[in-house]
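Engineer: Below are the structure tokens for one structure; questions will follow.
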Amino acid sequence: MDDWRLSLIVPAFNEQETLRQAIAEADEALARLCSEYELLIVDDGSHDATSTVALGEAAVRPWLRVLRHPVNQGYGAALRSGFEAARLPFIAFTDADCQFYLDDLALLLDASRHAPVVVGYRRQRQDPWRRRFLSRGYNLLARTLLGTSVRDIDCALKVFQREALVRLLPESTGFFVNTEMLARAAALNLPIVEVGVRHRPRLKGCSSVSLREVPRTLARLLPFWWRGSVVTPRPTPRRWIELTPARLTVSTRDPVGGTAVPTQLAS
């Protein structure tokens with residue numbers, strides 16, 4: 001075990017079928033890798049029992065925290081809520097669909113000794129051919145227009161040094177979030193390291209990514225490129241509820257008005 005202190009963010013939207021396994025796999029991997037860790041499940045307004053499953057696990061796993069958006073805000077918003085709530089010096093994220101082997105975080109953490117941003121790329125990607133084809137084209141477009149340089153921009157296994165992540169907080173609420181953060185990192189000349197990771201088919205449930213996301217994401221990419229807005233984050237206040245088996249804690253930022261409590265990430 002190395003002396004890693006890691007917060008792992010897992011956005012979840014209608015993931016009741018895979019979430020228990022995702023939590024168990026994260027626990028096993030992080031216990032082997034880290035001297036201190038926390039797992040933050042961010043339930044992005046799920047309509048199923050996602051929060052119930054997460055709270056059931058939190059009752060027996062004290063390192064597990066459950067955040068909930070009262071309504072669905074989007075993948076990027078869920079990540080940002082997790083980033084803001086994270087407490088430890090290194091911050092990673094992955095998805096709740098169990099498509100990654102979280103022992104591979106060891107490779108990313110090792111690289112993060114030397115680079116503030118470490119991103120995985122999926123070796124032998126196990127997604128349908130149409131999704132792989134669209135992803136390849138999108139990655140080429142992002143590299144050409146935004147200088148992101150990485151081969152697999154949307155790979156959901158990334159590690160950030162906390163000081164770097166403060167400068168990369170996303171405005172995007174949807175699936176453009178990875179592109180935005182890596183484009184900002186490139187514009188700031190932050191070193192980015194890529195590490196190959198294993199990938200497996202989704203075990204259960206359905207992905208929330210669909211072909212409808214393609215025009216939505218392009219609609220964000222082109223104006224983002226045109227205005228060159230890649231350096232200075234313009235934080236958008238969020239609001240979430242932190243759930244525990246014993247109580248509810250209303251957290252941190254009010255999107256409408258009033259007093260905003262400083263976020264943990266910015267401290």
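Engineer: Within the set of pairs 6 or more residues apart or between chains, which connect a residue that is touching a residue at least 60 places away in the same chain (Cβ under 8 Å) and closer than 19 Å to residue 86 by Cα inside segment 47-75 to a residue that is of a type in the set (Asp, Glu) and surrounded by fewer than 19 Cβ atoms within 10 Å (Cβ to Cβ) with Cβ atoms less than 6 Å apart?
Structural biologist: As it stands, the answer is 67/242, since those pairs meet every condition given.
Engineer: Go through segment 62-89 and count every residue that is assigned to a loop (DSSP other than H, G, I, E, B) and aromatic (Phe, Trp, Tyr).
Structural biologist: 1
Engineer: Sticking with this one: Take the residues in segment 3-27 that are assigned to a helix (DSSP H, G or I) and in contact (Cβ under 8 Å) with a residue 40 or more places away in the chain; name whichever of them is surrounded by the most Cβ atoms within 10 Å (Cβ to Cβ).
Structural biologist: 19
Read-outs: derived from the displayed coordinates by stated rules, not from any lab. Note that the structure is predicted; figures quoted are calculated from it, not measured. Because the Cβ atoms are built from the backbone with ideal geometry, glycine has one as well, and the counts that use them run over all protein chains shown.
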